[in-house]
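Remarks on the structure that follows.
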Amino acid sequence: MVHVAGSVLDPDLGDHVCLPFDGERERMTATRLFTMNGLRRRTRVVIITHTDSPERTRGWLAPLVPGFADAESAGRIEILASAETHFTGGSLDPGRVCAGLADAYDRARKHGQHGVYALVDASWGVDDAPGQAAFEAATNELFGQRWLAAVCQYDRALFPREAIDRVSAVHPISPEQAQLRFAGSCRPPGLRVWGDIDLTNRPAFASLLARLEKEPGPVVIDASGLDFIDAGSARLLTATAMARPRGATEVVCRDPVARVLRLIRADEFVTVRRVGDV
């Protein structure tokens with residue numbers, strides 16, 4: 001029997017998911033469920049292949065998804081090779097990845113679709129797992145705009161355990177780890193976070209905080225929807241505030257998070273406002 005995590009295959013727009021898998025049957029089951037969920041949510045489904053060609057993927061996927069042919073002809077499903085999306089001249093091109101996804105979103109909006117559902121065969125990075133993890137962390141900022149959901153499929157037969165652990169940690173969401181959701185804000189610049197942050201997704205949180213260090217003026221981190229943050233992750237937040245002008249970082253949170261921040265003396269560098277006081 002194939003067990004595939006359900007919720008991670010029905011992500012919200014803004015979710016960046018790492019999904020390790022075992023074997024072709026599990027990969028194909030996940031692809032079918034993700035595609036059907038994306039169509040149900042009225043998004044544009046973009047499937048980026050590597051192990052299979054787009055033609056072979058279409059061949060086995062089309063019979064498994066009701067209405068596949070009509071959806072593809074209407075532009076609701078696209079199947080692309082990673083060579084077309086991730087690489088220029090044989091080298092990883094992050095700019096091309098982001099531009100391609102943004103272009104898919106533009107086309108989605110023109111067709112009345114709600115956003116982009118991207119399923120990525122991550123085996124494109126098997127020869128440079130550390131570089132791939134850095135790339136995945138850098139793309140987190142893109143998801144703060146909440147028009148893109150992506151599930152990155154990692155084959156346990158290709159990636160060693162340490163590589164899977166590393167790449168899972170830079171994804172805000174992965175099975176059997178804390179789940180973090182987030183959105184960027186502009187006025188004032190900042191970040192809204194909800195869910196849970198602990199050791200399992202702390203590197204993903206760090207990638208989101210890195211952008212805030214560069215902001216010259218006041219920054220607000222709205223953590224009012226955050227259910228849990230561990231001390232190590234709270235220290236990351238404090239370090240971000242320490243790297244910025246004193247008093248220019250504000251955190252809005254509920255009592256449990258406020259207590260953690262007080263315990264580590266973050267309130268010496270961060271203006272902590274509890275939800276009831278705002």
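The values are calculated or read from the model by the stated rules, or taken from the named source; none is laboratory data. Fair warning: this is a prediction, and the values are worked out from it, not measured in the lab. We place every Cβ from the backbone using ideal geometry, glycine too, and count neighbours over all the protein chains shown.
Of the set (1) touching a strand residue (DSSP E or B) at 6+ places or on another chain (Cβ under 8 Å); (2) assigned to a helix (DSSP H, G or I), all apply to residue 234 but (1). Residues satisfying the criterion are present in the range 244-258 (criterion: touching a helix residue (DSSP H, G or I) at 6+ places or on another chain (Cβ under 7 Å), more than 20 Å from residue 179 (Cα to Cα) and at pLDDT below 95). Against the definition (surrounded by fewer than 21 Cβ atoms within 10 Å (Cβ to Cβ), β-branched (Val, Ile, Thr) and in contact with a Ser or Thr (Cβ under 9 Å, 6 or more places away or on another chain)), how does residue 31 come out, yes or no? When the stated conditions are applied, residue 31 does not pass them.
Restricting attention to the range 221-231, the residues being within 18 Å of residue 268 (Cβ to Cβ), in contact with a Lys or Arg (Cβ under 9 Å, 6 or more places away or on another chain) and surrounded by fewer than 20 Cβ atoms within 10 Å (Cβ to Cβ) number 0. In a residue-by-residue description of the range 121-131, the property of being part of a strand (DSSP E or B), over 22 Å from residue 210 (Cβ atoms) and touching a residue at least 24 places away in the same chain (Cβ under 8 Å) applies to at least one position. For residue 204, are the conditions met, namely being under 20 Å from residue 47 (Cα atoms), at pLDDT 95 or above and buried (at least 20 other Cβ atoms within 10 Å of the Cβ)? So residue 204 does not fit the description; no. Condition test on residue 188, is it closer than 25 Å to residue 219 by Cα, modelled with pLDDT under 95 and touching a Gly at 6+ places or on another chain (Cβ under 9 Å)? Taking the combined requirement at face value, the residue satisfies it. In the range 203-219, the residues that are aromatic (Phe, Trp, Tyr) reach residues that are outside any helix (DSSP H, G or I) with C-beta atoms within less than 7 angstrom, at least six apart or across chains, in these pairs: 205/180; 205/197. Just to be sure, is residue 62 touching a His at 6+ places or on another chain (Cβ under 9 Å), farther than 26 Å from residue 174 by Cα and free of Cβ contacts under 8 Å to residues at least 40 places away in the same chain? Answer is no for this residue. Being of a type outside the set (Phe, Trp, Tyr), out of contact with any Pro (no Cβ under 8 Å at 6 or more places or on another chain) and outside any strand (DSSP E or B) is true of residue 157. Applying the criterion of at least 2 residues that are of a type in the set (Gly, Ala, Ser) to the helices (runs of 4 or more DSSP H) found wholly in the range 1-89 leaves 23-40, 68-73, 82-85. Inside the range 171-192, residues that are of a type in the set (A, V, I, L, M, F, W, C), under 26 Å from residue 130 (Cα atoms) and free of Cβ contacts under 8 Å to residues at least 40 places away in the same chain make up a count of 1.
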